[in-house]
Amino acid sequence: MKNISARKVMSVVTAAGLAACVCGAARAEVKKIEATYFTLDYETDAGWTFDEKKDLKDSQKASTLRIRILSAADPKRSDALVDIKANIENQSNFRRYLEQLGFDPYEYAEKRSYTLVPVGGVDCLVKEDSSKIDYLARVEGAGETIQISADSKEKLEDVKTLLKGLQFKVADAGKKDGPWYWNGTPYASAEHSAEVGPVTLNSKHVPIDPIIVQSVIGGNRIWSDGARAYILSNACKLAEYNLDGGKLVKKADIELDAQSNYQTMTVTDDGAVWLGGVGSGSCRIKDGAVEKIKGPRELVMHPSGTWGLERYGRKGADMKKYEIAADGTVATVDFPLAEVDYMVNAYLRIDANHIYVSGREAGSKETVLFVYDHGGKLEKILKEPAKNSMGGVYFAGETANGFVALPLQSVVILWDKEGNPIGRLNDVKKLYDSPTTGVAGNEDGILLPGGGLLTLTRRERADKSTYELVVFRVDGF
């Protein structure tokens, strides 16, 4: 996106200002900003300012502006900050922003339950508190999403005055948004086979009943023993399922705080479900009871349920081990993994034989998988079969013939028992028949006791009505 030229920022004189000039009184200078998708008239005397090179950008796809009133006490801070955005795009971002602001899509689209406020000639949803205002609108015929976000503890009235000088340019191009998710066609996929080196992988879609729609990226986890399963979705919704006839059928919801932000899930041998998240802390769920675990946050448990680890800090040397008694008492022990030089946002998992940690070796920028025994002794380092083929890691485990990972930059990577790369699959459509292009959309996985891998992925429907959480069973390891 190129910067808008300075010629589009012009000084204008209002009628009131002209009258003031005639009378010899001081006049308020009004400047006009003209971009492709909006204009803004603002008074400089009110203190509004912006950097034309950094804060004002314009193209045929979007117009954006950041304008502020600087603090008199500290010019590096702002007493008021306003972001104005007009983007030509499909409906996906608008629908995501809608939920982020706390609006219910069905209430908005079908029941028309929300009062709209005119801003800049467009009817907007508005969310306001004591120090922040958000406006959001979708102009379907123009294919345009409009956002205004304003922050100020003392000058929200100045913000509202500023926005009176805003005018959006909306041209009806006859565009049509895709259907809302309740009118859309659920995701479906045929069976597929794909070659990874000498290994043939076979995949089959495992439908979830009911489907899980509009899932956010992150906070989505799956566990199964082949007969039952748990799925954590949207970081705050947990449900138990029966895996029956190649289909996951919901058995029961498990109530969690709607504001939870869980990122890890472990199911231990005693049937307890352990969840962890930086903002939510850790908890153990057993027989319907939710018990908070004091201390660890993104806790990952050993199958025994007696100890776990947390990816604490930037380096493996900072790793913490938590020994957890039956009554929930926690003892914290340093558990340094010296070979892991960098592990921010690392993947961490513990199975019956190994500890898996993704990260980087000293002096390297390439992601690898470190495999340790339960005492913290390094066993193997699983490296990328090709440069930048791993990125983030969403699942790692040991198969009958070696190791498998579900990474960010590939669909799947395989290694033999010695840790030598077998190969990777890079083409999403060969295994998942996905209409989504780009990275694989992996979210999590679980190896089944009888063989096979359930992969949890995020897929956009062909009609672009929503994203779904989609499970595949992959065999052939």
Residue, nearest to T266 (Cα to Cα), within the range 412-431, restricted to residues that are assigned to a loop (DSSP other than H, G, I, E, B) and without any contact (Cβ under 8 Å) to a residue 40 or more places away in the chain: K417
Has the range 432-445 got at least one residue that is outside any strand (DSSP E or B) and charged (D, E, K, R)? yes
Name the residues in the range 315-363 that are surrounded by fewer than 12 Cβ atoms within 10 Å (Cβ to Cβ), aliphatic (A, V, I, L, M) and outside any strand (DSSP E or B), would you? A325, A326, V344, A352, A362
If you check V273, V300, V278, V267, which single one turns out to be among the β-branched types (V, I, T) and farther than 25 Å from R228 by Cβ? V278
What single numbered condition from (1) surrounded by fewer than 12 Cβ atoms within 10 Å (Cβ to Cβ); (2) more than 24 Å from the chain's Cα centre (by Cα); (3) not assigned by TED's automatic domain parsing to the domain that holds E99 fails to hold for A194? (1)
Which one is farthest from S304 (Cα to Cα), of the residues in the range 236-272 that are exposed (fewer than 14 other Cβ atoms within 10 Å of the Cβ) and of a type in the set (A, V, I, L, M, F, W, C)? A258
Within the range 160-199, which residues are under 30 Å from T399 (Cα atoms) and of a type in the set (V, I, T)? V196, V199
Being surrounded by fewer than 18 Cβ atoms within 10 Å (Cβ to Cβ), in contact (Cβ under 8 Å) with a residue 12 or more places away in the chain and among the hydroxyl-bearing types (S, T, Y): is that true of S152 here? no
Of (1) out of contact with any helix residue (DSSP H, G or I) (no Cβ under 7 Å at 6 or more places or on another chain); (2) surrounded by 12 or more Cβ atoms within 10 Å (Cβ to Cβ); (3) on the phi < 0 side of the Ramachandran plot, G305 fails just (3)
Could you grab me the full set of residues in the range 199-215 that are surrounded by fewer than 17 Cβ atoms within 10 Å (Cβ to Cβ) and either at pLDDT below 95 or within 23 Å of P105 (Cα to Cα) (or both)? D209, P210, I211, Q214
For the range 273-295, which residues satisfy the criterion of being surrounded by fewer than 18 Cβ atoms within 10 Å (Cβ to Cβ) and in contact with a Cys (Cβ under 8 Å, 6 or more places away or on another chain)? V290, E291, K292
For Y135, work out the one condition from (1) outside the structural domain of L243 (by TED's automatic domain parsing); (2) aromatic (F, W, Y); (3) part of a loop (DSSP other than H, G, I, E, B) it doesn't fulfil. (3)
Restricting attention to the range 87-105, the residues that are among the aliphatic types (A, V, I, L, M) and crowded, with 17+ Cβ neighbours inside 10 Å number exactly 2
Within the range 364-387, which residues are touching a residue at least 24 places away in the same chain (Cβ under 8 Å) and part of a strand (DSSP E or B)? L369, F370, V371, Y372, L378, E379, K380, I381, L382
Per-region count, the range 340-358, residues at pLDDT 95 or above and either on the phi > 0 side of the Ramachandran plot or not assigned by TED's automatic domain parsing to the domain that holds E379 (or both): 0
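The values are calculated or read from the model by the stated rules, or taken from the named source; none is laboratory data. Keep in mind that what you see is a predicted model, and the values were worked out from it rather than measured. Ideal geometry is used to build each Cβ from the backbone, glycine not excepted, and the neighbour counts take in all protein chains shown.
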